[in-house]
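Here the structure is laid out as structure tokens; the discussion comes afterwards.
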Amino acid sequence: MLIVAGTFRFDPDRLDAVVALQGPLMEEVRAEAGCQAYVFSNDTQEPGVQHLFEIWDDEASLAAHARAPHMSTYRDAMQELGALISRKVVRYDVSEAKPL
């Protein structure tokens, strides 16, 4: 299992446009084989900050996700929007998961 987690900083004045792009993207990604979770979440304490959380079954699923046409479309639209200030995304390889 792989977990991807990240933090994005966007121009707060453009966050509504960012969210409008993400809704359809999340729908498409959640339908991908091997996707257990995929969500962007607005930080309630920091305007313009979003957190990303993903869970993937395996490396092949994550790699296929990165190559999916809707990801290219999303990246191009985000670049055109010009709202991104910074991003930090990391991947965790998980060998075991247990209820907390």
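Points to keep in mind about this one:
- Qualifying residue in segment 63-82 (condition: on the phi > 0 side of the Ramachandran plot and in contact with a Phe, Trp or Tyr (Cβ under 6 Å, 6 or more places away or on another chain)): no
- Filter result for Val29 (in contact with a His (Cβ under 9 Å, 6 or more places away or on another chain), without any contact (Cβ under 8 Å) to a residue 24 or more places away in the chain and surrounded by 14 or more Cβ atoms within 10 Å (Cβ to Cβ)): no
- With respect to the stated conditions, Glu54 is within 28 Å of Lys98 (Cα to Cα), within 14 Å of the chain's Cα centre (by Cα) and of a type in the set (Asp, Glu).
- Screening Gly23, Gly82 for residues that are surrounded by fewer than 16 Cβ atoms within 10 Å (Cβ to Cβ) and either among the polar types (S, T, N, Q) or more than 15 Å from the chain's Cα centre (by Cα) (or both) leaves exactly one candidate, Gly82.
- When Glu59 is tested against (1) among the charged types (D, E, K, R); (2) farther than 15 Å from Arg91 by Cβ; (3) without any contact (Cβ under 8 Å) to a residue 60 or more places away in the chain, only condition (2) is not met.
All of the numbers you see were taken from the coordinates with simple rules; none came from a lab. In this text, all values refer to a predicted model and were calculated from it rather than measured experimentally. Every residue, glycine as well, gets a Cβ built from its backbone with ideal geometry; the counts of neighbours run over all protein chains shown.
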